[in-house]
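Inspection log for the structure reproduced underneath, given as structure tokens.
The values are calculated or read from the model by the stated rules, or taken from the named source; none is laboratory data. Just so it is clear, the structure is predicted and the values come from calculations on it, not from any experiment. Neighbour counts run over all protein chains shown; Cβ positions are idealised from the backbone, glycine included. Note: accessible area is taken over every heavy atom of the protein model, side chains too, but ligands, DNA and RNA are not part of it. Shrake-Rupley method; radii C 1.70, N 1.55, O 1.52, S 1.80 Å.
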Amino acid sequence: ISALFGLALVFMGGMAKRVRAQFTWGRTIVIGASDFAADYAARYGKFVVVDTAEMLDTIDPKIRNLGGIWLMDQMEDVGGRTGRIGFAPKRVIFGSSDAITNVERARLWLGTASKAARDKTELILRVEDNTVARDLGLFSDILRKAKLVSRSETIARALVTAMAPTQLALLRGQPGAHVVLVGLGKVNLAVAEELVLRCHHPDHAPLRLSIV
């Protein structure tokens, strides 16, 4: 009896979370759990993360402590029950670490969402694969309007902002900024792109970028 009672409490707890999420206006909805996606959603305020129990268990406890509603789901009906969490969400983030999974889930969501939801809801896709990002329009015309985010690009922006190579070269009286990157993984590639985009100054020689 006690075991059945415990199962009933777990079930009722899950239902209570779903009801809370369902009757929430204007939140950020994350479909597909990952530390990066949840952390990204938290900057907007209230959020709901939806994924399987197995995926939710992989989230870092520090990320779980950011708040939000963590909702277990079988993820078998993203175009229906799973994707209809919350009233009028401000944005939906497809946050799996796998880009193709996010694209497919976004297509399912868009295929059943109302026109009002498609027009008013900001669509954000986590895409770590540059090939997928480049070819996104081939999957769906409407996905071209989606905002693309990636862990590597977010880290790159933060690093370049913190390093401020151009300002540092000016302070040191150097003719230009020179940055050395060790290795060329996803993050360093994103850092290189960010440096090329941002490190310009009329009184400086062009950026020198060395990769070893």
- request: Label the range 91-185 by shape, choosing from rounded, prolate and oblate, from the square roots a ≥ b ≥ c of the eigenvalues of the Cα gyration tensor; if a/c is under 1.5 it is rounded, and otherwise prolate applies when a/b is larger than b/c, oblate when it is not.
  value: prolate
- prompt: Points 7 angstrom from Cα along the Cβ direction at Asp60 and Arg198: gap in nanometres?
  reply: 2.0 nm
field: Karplus 3J(HN,Hα) series, Hz, for the range 174-189 with 6.51 cos²θ - 1.76 cosθ + 1.60 (x for Gly, Pro)
entry: 7, x, x, 7, 10, 10, 10, 10, 9, x, 9, x, 4, 5, 5, 5
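Between Thr52 and Leu159, what is 0.36 nm times their sequence separation minus the Cα-Cα distance? Round to one decimal in nm.
Numbers: separation 107, 0.36 × 107 = 38.52 nm, distance 3.28 nm.
That works out to 35.2 nm of additional length.
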Phi-based couplings in Hz for the range 205-211 (Karplus 6.51, -1.76, 1.60; Gly and Pro marked x): 5, x, 4, 9, 10, 10, 10
task: May I ask for the net charge around Leu66, where only other residues with Cβ less than 13 Å from the Cβ of Leu66 are counted and Lys, Arg are +1 while Asp, Glu are -1?
output: +1
field: Mean accessible surface per residue for the range 168-212, computed with a 1.4 Å probe while every protein chain stays in place, in Å²
entry: 69 Å²
task: Extending each Cα 7 Å along its Cβ direction at Arg172 and Arg43, get the distance between those two points in nm, one decimal.
output: 2.8 nm
